[in-house]
Amino acid sequence: MSMELRTSPHQISERNVPTIMKHVVLSLLPVCGFSVWQYGLSALALLLTITATCLLTERWFNRASAQPSSIGDWSATITGVLLALTLPPSFPLWMGVVAGFVAIALGKALFGGLGNNVFNPALIGRAFVQAAFPVAITTWVPAFAANRFSEFVPTTLTAPLMMPPDVVEWVKQQSVDAFTGATPLARWKFENITASAQDLLSGAVTASTGETSALLILLCGVYLAARKFMDWRIPLAVLGSAALTAWLFQLYNPAHFPAPTFVLLSGGLMLGAVYMATDMATSPVTPVGVWIYGALIGVLTVMIRYFGGLTEGVMYAILIGNALTPFIDQYTQPRVFGTRQKRKP
Amino acid sequence: MRLPFFNRTATFEHGIHPAYHKETGSLPIRRLPFAPRLIVPLSQHIGKPAVCCVSVGQEVLRGQVIATADGFVSLPVHAPATGVVEAIGFMPSASGKMVDSITIRVYQADPQSVMVSAPRDVESLDKKALLAAIQDTGISGLGGATFPAHVKLSVPPDVTIDTLVVNGAECEPFLTCDHRIMVERTQDLIRGIGYAMKVSGAPRAIIGVEDNKPDAIAAIQAALPADSTIQVKAIETKYPQGAEETLIYALLGREVPAGQRPAAVGVLVNNVMTLAYLGRLLPAGEGLVERVLTVAGPAVEKPGNYIVPIGTPLRFLLEQVGAASSAKEIILGGPMMGMTISSLDVPVTKGTSGVLAFGKSQLPQEEARVYACIKCGECVNVCPKFLNPSQLGLLAAKREYAEMAERYNLDRCFECGCCSYVCPSHIPLVQQFRIAKAINREKAKS
Ligand code: SF4
Ligand code: SF4
């Protein structure tokens, strides 16, 4: 009889990488569903195209480096879906393909695949297209256009390597009331008009594909955290520090700076805090480090929004947080058991 | 951080909640028959091996000393059954090494009811005589540590022990022998605790029992007088609650300084099984010839807690419980820290607290694919020593073993397995740490 020889522990938990990642994808489905309901075919096409691009790129790099397929760990799917959710619904599909390819290739494969990447791949993809296609990425279209389920936004099907057509005329035809063509953040920055919390919560605003309803994202995040597939401390730290910073600014100058609720609910902060900052591979592992990292992202987001040239700061804030993660980890190593000052018995 | 104003079960920080599989905890202890041959190693404890004092062909009585202690840090060995010495020489052991052992052919016709004993009045013994008597019983740490009991209980003159901590946590999944001992041999246990307090000079004792054993807590409570210096305390069911340092922290809130013994914070820890056997053997003047252990696991037809003579080959033991043929992996001890064995000819020794048998398909790790560390931080969140297994694992992969010890306190790791247990990437962290430690030890030697 041959006996198995193995070292302890002989019992391990049932959790594994694919299960965790799969649940992240599942929890994103309501967000995707909501955006497709709002933006119709264009949003659907964008989601599918980018996710497929990410998966194909991942597979291609597996093959090129003679590694077993890593499609099954679901991480490329997360990158694809998240990336699509941060882009405007009118984003041309061919540019989406570029974004997806860059996200996986530069953001992940180049570092050595899942776990070794320093930056959140989806944000790398987004940062790249933001620099490459500044117009397309700030072209907004109204939600709930009448025939959104039967026709694409004209820009969606732009021929590869071509610049997208102007959508102003098309938007006019849709005759959607009160469409401004600018996001709430841009309107605050340039016109000093703040959107109501109610609109921001429910998603009745102009925004990227998946950033409209802060409430929905929050609920999905709560589900993930409750099932312990996400570290709840990070979104709490991000949102908490962002709210605190915004509150201090408002105290200082209530006429100029918006309420903390506006800061929390507008733009990509909710999606970023719940789904991007929590990317395991690019966030700290130490208990203290997690709080510092989250707080840093919150503060940076508000600072960039208020004082940077851009309307939105979440993406860069998280990328900076990612870059600092190794250092945060380094300086917040846990205190080893038995090294505390001896207590008097 | 423990919140003192928060009224909750005593516990330590971090740790895990594995599936406990404690079904055998409700089954009474049963006796196993004697195997035809018993293999009794001379060294079943930490310290110098015993010196054989019988010869081949000699007849031995159950309980008779067959090997004497070699100095203070050593223990005698007693014949586990009446029979004849068949061989003295190398036999397989659990570690895979061949070790010096005495093989006894058991008289099958003998009822094994006679037992060499010398009853004594323990109360009249002074500390020194008591220590000598404890050594004569041959008891080592029966929880698996196998440190001679009398050595552990002898406190140097410059050290004061204020609390004897009695370890009834039994946090390893599957194992329930300590549980049954607390329920069925409560009087032995309390007597043993008394002896241990006397030799160590500890004015009080606390028995820590995980709260998944309410019947054990109740049994002990009922047996203690109201003004007893012995206390029983429920602690949270969490692994590794029964490790010395976590247990001391849970019960007393004291942190044993890194690299030091519990005596540094005035504590001595002993396992319930050890003390229960002490309470039984000391007044009877007998030697340790058998022990209670748990036999369980999915490949075992009749799991339970059995009184097993020392030296019983595992093959015989597993045949008795209906497991020998289907078992593919045999673990001595618990699944978290126990070790697998390569041969069924290995005997049960004083330190064997459990024998677990798994069939081929019952091994979940078999198909587990190893991914890169995704830095989920789970391992950091569970390590009871507050280490950073993630970082240690990354360094191990780069073979930076010296860095692991110098900057990341590798030596503090006691291989509890929590980090490997939770790792979603299935990285064999503990195994890597063991290798790293071994290499560092080798380097330190040369
Ligand atoms: S095995 Fe070592 S590193 Fe892992 S959890 Fe236990 S003490 Fe910590
Ligand atoms: S549990 Fe595993 S994957 Fe997670 S941080 Fe630790 S070593 Fe890395």
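Just one of the numbered conditions (1) under 26 Å from residue A:30 (Cα atoms); (2) open to solvent by 10 Å² or more (accessible area, probe 1.4 Å); (3) part of a helix (DSSP H, G or I); (4) not hydroxyl-bearing (Ser, Thr, Tyr) is not true of residue A:296: (1).
Every condition in (1) away from ligand 2 (no atom under 16 Å from the Cβ); (2) buried (at least 17 other Cβ atoms within 10 Å of the Cβ) is met by residue A:9 except one, and the failing one is (1). Of everything listed in (1) touching a helix residue (DSSP H, G or I) at 6+ places or on another chain (Cβ under 6 Å); (2) within 16 Å of ligand 2 (Cβ to nearest atom); (3) open to solvent by 10 Å² or more (accessible area, probe 1.4 Å), the single unmet condition for residue B:404 is (3). If you go through region A:228-239 and keep only what is open to solvent by 20 Å² or more (accessible area, probe 1.4 Å) and assigned to a helix (DSSP H, G or I), you end up with A:233, A:236, A:239. Taking the criterion of being farther than 21 Å from residue A:82 by Cβ and charged (D, E, K, R), the residues of region A:114-161 that qualify are A:148, A:151.
Scanning for something over 27 Å from residue B:13 (Cβ atoms), of a type outside the set (Asp, Glu) and open to solvent by less than 10 Å² (accessible area, probe 1.4 Å), does region A:240-257 turn up at least one residue?
Here is the first cut: in region A:240-257, the ones over 27 Å from residue B:13 (Cβ atoms) are A:242-257.
In the following step, the residues that additionally are of a type outside the set (Asp, Glu) were identified as A:242-257.
When the remaining residues are screened for being open to solvent by less than 10 Å² (accessible area, probe 1.4 Å), the result is A:242, A:246.
Yes - at least one qualifying residue is present in region A:240-257.
Against the list (1) over 28 Å from residue B:44 (Cα atoms); (2) more than 14 Å from chain A (Cβ to nearest Cβ), the condition residue B:286 fails is (1). Close Cβ contacts (under 8 Å, 6 or more residues apart or on different chains) running from residues in region B:412-436 that are more than 7 Å from chain A (Cβ to nearest Cβ) and more than 7 Å from ligand 1 (Cβ to nearest atom) to residues that are among the small types (Gly, Ala, Ser) and open to solvent by 50 Å² or more (accessible area, probe 1.4 Å) comprise B:432/B:397.
Considering each of B:269, B:256 in turn, give the residue that is buried (at least 24 other Cβ atoms within 10 Å of the Cβ) and under 21 Å from residue B:337 (Cβ atoms). None of the others qualify; the one that does is B:269. Across region A:12-29, the qualifying residues are those that are crowded, with 22+ Cβ neighbours inside 10 Å and within 12 Å of residue A:81 (Cβ to Cβ), and the one among them that is nearest to the other protein chains (Cβ to nearest Cβ) is A:21. Which of the helices (runs of 4 or more DSSP H) contained wholly in region B:290-399 include at least 1 residues that are open to solvent by 10 Å² or more (accessible area, probe 1.4 Å) and free of Cβ contacts under 8 Å to residues at least 12 places away in the same chain? Result: B:314-320. The set of residues in region B:408-440 that are more than 16 Å from ligand 2 (Cβ to nearest atom) and more than 19 Å from residue B:260 (Cα to Cα) comprises B:438, B:439, B:440.
Does region A:30-43 contain any residue that is in a loop (DSSP other than H, G, I, E, B), in contact (Cβ under 8 Å) with a residue 12 or more places away in the chain, in contact with a Lys or Arg (Cβ under 6 Å, 6 or more places away or on another chain) and away from chain B (no Cβ under 12 Å)? Yes, region A:30-43 contains at least one residue that is in a loop (DSSP other than H, G, I, E, B), in contact (Cβ under 8 Å) with a residue 12 or more places away in the chain, in contact with a Lys or Arg (Cβ under 6 Å, 6 or more places away or on another chain) and away from chain B (no Cβ under 12 Å).
From the list B:377, B:354, B:311, B:338, pick out the single residue that is on the phi > 0 side of the Ramachandran plot, small (Gly, Ala, Ser), at pLDDT 90 or above and in contact with a Leu (Cβ under 8 Å, 6 or more places away or on another chain).
Details: B:377 fails: in contact with a Leu (Cβ under 8 Å, 6 or more places away or on another chain); B:354 fails: on the phi > 0 side of the Ramachandran plot; B:338 fails: on the phi > 0 side of the Ramachandran plot.
Result of the check over B:377, B:354, B:311, B:338: B:311.
The values are calculated or read from the model by the stated rules, or taken from the named source; none is laboratory data. All of these numbers come straight from a predicted model, not from anything done at the bench. Cβ atoms come from the backbone with ideal geometry, glycine included; neighbour counts cover every protein chain shown. All accessible areas refer to the heavy atoms of the entire protein, side chains included, with ligands and DNA or RNA removed. Shrake-Rupley method; radii C 1.70, N 1.55, O 1.52, S 1.80 Å.
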